[in-house]
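The values are calculated or read from the model by the stated rules, or taken from the named source; none is laboratory data. Only a predicted model underlies this, so the values are computations on that prediction, with no experimental measurement involved. When we count neighbours, we look across all protein chains shown, and the Cβ atoms used for this are built from the backbone with ideal geometry, even at glycine.
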Amino acid sequence: MPALRQLRADHAPAVLAFELANRTWFAASVSDRGDDFFDQFTDRFHALLAEQDAGICAFYVLVGEDGSILGRFNLVDLVDGTAQLGYRVAQHVAGHGVATATVRELCRLAVARHGLRTLRAAAAHTNVASQKVLTKAGFVPVGPAAPADLGGKAGTWYQRDLVLRP
């Protein structure tokens, strides 16, 4: 059974493999990370761990039984009880409820581990799958997301009040 784990240094090889294996799949719905991301992966990965250690962000990976990464789920800019949620799942598990179930679990962890009260997430108008995940996980649309928020794509901001929703 897959397990949601907070990002650790020893996840680096599996995270890189996940990003490389799904690069084309991700680029179809979100902006491509670019070659620099992969060329500088080790430095960027250590920077993420430093942000997590500083309490600025909380990064999670969904780890399969074989140790592979099935998804990444991030809480970014933890400030005053709020954070932005970002996520991506591997192509081979997409469409099977994995993202929705994991976002719901992360909502529970956001309260229990990080003391958060509100999560926000942006989804491009063209990313119908992400919109469905957010809606099924209890998020509601709260306004337009500028193209600058979504790598050049227009979209919608969604929000979930973690205190009032189970």
Quiz item: Among the listed residues 66, 53, 80, 43, which satisfies the condition of being without any contact (Cβ under 8 Å) to a residue 24 or more places away in the chain, out of contact with any helix residue (DSSP H, G or I) (no Cβ under 8 Å at 6 or more places or on another chain) and at positive phi?
Solution: 80
Exercise. Output the residue which, of all residues in region 85-104 that are over 9 Å from the mean Cα position of the chain (by Cα) and not hydrophobic (A, V, I, L, M, F, W, C), is farthest from residue 160 (Cα to Cα).
Key: 92
Quiz item: Looking only at region 26-40, which residues are in contact (Cβ under 8 Å) with a residue 60 or more places away in the chain and surrounded by 15 or more Cβ atoms within 10 Å (Cβ to Cβ)?
Solution: 26, 29, 30
Quiz prompt | Long-range neighbours under 6 Å by Cβ, at least six apart or interchain, first residue touching a residue at least 40 places away in the same chain (Cβ under 8 Å) and within 13 Å of residue 103 (Cα to Cα) within region 126-147, second of a type outside the set (Phe, Trp, Tyr) and in a strand (DSSP E or B) | solution = 130/123
Self-check item: Qualifying residue in region 19-40 (condition: modelled with pLDDT of 90 or more and aromatic (Phe, Trp, Tyr))
Solution: no
Quiz prompt | Candidates 145, 121, filtered to the one that is more than 18 Å from residue 23 (Cα to Cα), of a type outside the set (Val, Ile, Thr) and under 14 Å from the mean Cα position of the chain (by Cα) | solution = 121
Quiz item: List the pairs whose first member sits in region 89-113 and is part of a helix (DSSP H, G or I), whose second member is of a type in the set (S, T, N, Q) and modelled with pLDDT under 95, and whose Cβ atoms are under 7 Å apart, counting only residues at least 6 apart or on separate chains?
Solution: 91/22
